[in-house]
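Peer 1: Let me begin by handing over the structure; questions about it come next.
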Amino acid sequence: DTAVSQTPKYLVTQMGNDKSIKCEQNLGHDTMYWYKQDSKKFLKIMFSYNNKELIINETVPNRFSPKSPDKAHLNLHINSLELGDSAVYFCASSFHRGNYEQYFGPGTRLTVT
Amino acid sequence: SQQGEEDPQALSIQEGENATMNCSYKTSINNLQWYRQNSGRGLVHLILIRSNEREKHSGRLRVTLDTSKKSSSLLITASRAADTASYFCATDPLSGNTPLVFGKGTRLSVIA
């Protein structure tokens, strides 16, 4: 069974559109994360939720809105997509907040044209 | 911002050789973690070393931590073609509610 899954794996869309990426973990972890990895492979934290509560919100445009319906799911909605949003987005989870080892999903490659 | 910096950026070796990657960071930490990323995949956790530990082993991996120099190294012994990947260090800052900070990674190529 996949521990952390993301859908879709690839997403190609036009500027100005709104899109969502879904993430689910079946590890029973309390904490989930969204990261953005740019073309130079630099990985940057965007958001973190602990038991459905937002605990980390880095400097991210408010076009990005995370939603956690329960502690096993953390979805990312992006409004008014821009060319600069093109990147690979990774979801991850950890046992608890406090920077335990993290388990990553396979990534969603977003291309904005 | 505080950030781990891996060195070298890229490393190419022959199968069977050892590979050493280094990570330097700027401020005090709780722990330091190493991750591997195969092309087109998510990161996989390899090893976590706490600030009060100096060395840790896991199979062919050996990690050292020198908090006085704010640096860590990852040694992969007897490398295999399957070790080809990018390797990232991530630091857990000592201060407050701060997330893991990832470095830019070392791209390792192991040639068969």
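One line per residue, one yes/no per condition, for (1) more than 27 Å from A:TYR33 (Cβ to Cβ); (2) within 14 Å of chain A (Cβ to nearest Cβ); (3) touching a strand residue (DSSP E or B) at 6+ places or on another chain (Cβ under 7 Å); (4) not in a helix (DSSP H, G or I):
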{"position": "B:LEU65", "(1), (2), (3), (4)": "no, no, yes, yes"}
{"position": "B:SER72", "(1), (2), (3), (4)": "no, no, yes, yes"}
{"position": "B:LEU75", "(1), (2), (3), (4)": "yes, no, yes, yes"}
{"position": "B:SER79", "(1), (2), (3), (4)": "yes, no, yes, yes"}
{"position": "B:PHE88", "(1), (2), (3), (4)": "no, yes, yes, yes"}
{"position": "B:THR98", "(1), (2), (3), (4)": "no, yes, no, yes"}
{"position": "B:SER109", "(1), (2), (3), (4)": "yes, no, yes, yes"}
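Peer 1: Another one. Looking only at region B:9-43, which residues are of a type in the set (A, V, I, L, M) and loosely packed, with under 13 Cβ neighbours inside 10 Å?
Peer 2: If the condition is that a residue be of a type in the set (A, V, I, L, M) and loosely packed, with under 13 Cβ neighbours inside 10 Å, then B:ALA10 is the only one that fits.
Peer 1: Here's a follow-up. What single numbered condition from (1) within 25 Å of B:ALA112 (Cβ to Cβ); (2) surrounded by fewer than 16 Cβ atoms within 10 Å (Cβ to Cβ); (3) at pLDDT 95 or above; (4) not polar (S, T, N, Q) fails to hold for B:LYS69?
Peer 2: (1)
Peer 1: Taking B:SER58 as the residue in question, decide whether it is within 22 Å of A:TYR103 (Cβ to Cβ) and surrounded by fewer than 17 Cβ atoms within 10 Å (Cβ to Cβ).
Peer 2: Answer is yes for this residue.
Peer 1: Of the numbered conditions (1) in contact with a strand residue (DSSP E or B) (Cβ under 8 Å, 6 or more places away or on another chain); (2) modelled with pLDDT of 95 or more; (3) not polar (S, T, N, Q), B:LYS104 satisfies every one except a single condition; which is it?
Peer 2: If we test B:LYS104 against (1) in contact with a strand residue (DSSP E or B) (Cβ under 8 Å, 6 or more places away or on another chain); (2) modelled with pLDDT of 95 or more; (3) not polar (S, T, N, Q), just (2) comes out false.
Peer 1: To continue, here is another question. Please work out which residue is farthest from the other protein chains (Cβ to nearest Cβ), limiting yourself to region B:12-46 and to residues that are more than 15 Å from the chain's Cα centre (by Cα), assigned to a strand (DSSP E or B) and modelled with pLDDT of 95 or more.
Peer 2: B:GLN14
Peer 1: Another question, if that's okay. Could you check region A:68-113 and list, in sequence order, the residues that are farther than 28 Å from A:MET15 by Cβ, more than 14 Å from chain B (Cβ to nearest Cβ) and among the acidic types (Asp, Glu)?
Peer 2: Scanning region A:68-113 gives a single hit, A:ASP70.
Peer 1: A further question follows. Applying the selection to region A:59-113, what residues are closer than 28 Å to B:ASN31 by Cβ and of a type in the set (A, V, I, L, M)?
Peer 2: A:VAL60, A:ALA72, A:LEU74, A:LEU76, A:ALA87, A:VAL88, A:ALA92
Peer 1: Restricting to region A:75-100, and then to whatever is charged (D, E, K, R) and buried (at least 17 other Cβ atoms within 10 Å of the Cβ), can you tell me which residue is modelled with the lowest pLDDT?
Peer 2: Result: A:ARG97.
The values are calculated or read from the model by the stated rules, or taken from the named source; none is laboratory data. Here the structure is a predicted model, which is why all the values come from computation and not from measurement. Cβ coordinates were reconstructed from backbone atoms using ideal geometry, including for glycine residues, and neighbour counts include every protein chain displayed.
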